[in-house]
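Have a look at the structure below, then the notes.
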Amino acid sequence: MTDTTTQTPSSLGWTTVTTPDGPFTLLVDTDGTVYASGWTDDAEYLRGLVHPDLRPETLVERAGGDAAAAVDAYYDGDLEAPHRIPVRQRSGPFLQAAWAALHDVPAGPPVTYSELAERAGNVAAVRAAAACCAQNAAALFVPCHRVIRSDGTLGGFRYGLDVKESLIERETAA
């Protein structure tokens, strides 16, 4: 679940793990809470995705702990492993609700942006649901790749449609 705690860490740890979809970097605090993650080897890029109120001044390379293990477990077949890791993001009320709803979308067939808006409590907020995915800093842990357009096309994905397609195929095949 997305944690809305207000304390800003002075630094976050980062680590990069190798996945079949490319390098995956995580920014985590000392408690193992994920602030940002995605298919990149650029920790500074991810730091820029963290909400300014939560963005740390520095990044320190260190082992990824449970969060990195959850990424490995996901690729080893435990598709819900990332769901068990805490996440901290911040935004307005709808995006917070949408991230919480998105966090609870299980692996399997994807949902549409309309379905995500409904799960977040505002059936008319389809564009805001898409914004929830676009502004999500914690890819895989808040699984924005599990949302597609109502016409069945993939829509967008910060890390490329090839990665999104790979993730959806992996999850629907399981």
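Answer yes or no as to whether Asp76 is within 16 Å of the chain's Cα centre (by Cα) and among the charged types (D, E, K, R). Give the steps one after another, and end with the answer.
Values: within 16 Å of the chain's Cα centre (by Cα): no; among the charged types (D, E, K, R): yes.
Considered against the rule, which asks whether it is within 16 Å of the chain's Cα centre (by Cα) and among the charged types (D, E, K, R), Asp76 comes out as no.
Among the residues of the stretch 101-114, which ones are more than 21 Å from Asp72 (Cα to Cα) and either surrounded by fewer than 18 Cβ atoms within 10 Å (Cβ to Cβ) or basic (Lys, Arg) (or both)?
Across the stretch 101-114, the qualifying residues are Pro109, Thr112, Ser114.
Being surrounded by fewer than 19 Cβ atoms within 10 Å (Cβ to Cβ) and in a helix (DSSP H, G or I) narrows it down to one of Asp41, Asp66, so name that one.
Working: Asp41 fails: in a helix (DSSP H, G or I).
Of the residues listed, the single one that is surrounded by fewer than 19 Cβ atoms within 10 Å (Cβ to Cβ) and in a helix (DSSP H, G or I) is Asp66.
For Ala68, work out the one condition from (1) at pLDDT 95 or above; (2) closer than 18 Å to Arg158 by Cβ; (3) within 16 Å of the chain's Cα centre (by Cα); (4) not hydroxyl-bearing (Ser, Thr, Tyr) it doesn't fulfil.
Only one criterion is unmet by Ala68, namely (2).
Listed residues Ala128, Ala117; which is buried (at least 21 other Cβ atoms within 10 Å of the Cβ), over 16 Å from the mean Cα position of the chain (by Cα) and hydrophobic (A, V, I, L, M, F, W, C)?
Numbers: Ala128 fails: buried (at least 21 other Cβ atoms within 10 Å of the Cβ).
Testing whether each residue is buried (at least 21 other Cβ atoms within 10 Å of the Cβ), over 16 Å from the mean Cα position of the chain (by Cα) and hydrophobic (A, V, I, L, M, F, W, C) leaves just Ala117.
Collect the residues in the stretch 76-85 that are surrounded by fewer than 18 Cβ atoms within 10 Å (Cβ to Cβ) and either touching a strand residue (DSSP E or B) at 6+ places or on another chain (Cβ under 6 Å) or not in a helix (DSSP H, G or I) (or both), keeping them in residue-number order.
Step one: list which residues in the stretch 76-85 are surrounded by fewer than 18 Cβ atoms within 10 Å (Cβ to Cβ), which gives 76-78, 80, 84.
Scanning the stretch 76-85 gives Asp76, Gly77, Asp78, Glu80.
The values are calculated or read from the model by the stated rules, or taken from the named source; none is laboratory data. Everything numeric in this text was worked out from a predicted model, so none of it was measured. All Cβ positions, glycine included, derive from the backbone under ideal geometry; neighbour counts span all protein chains shown.
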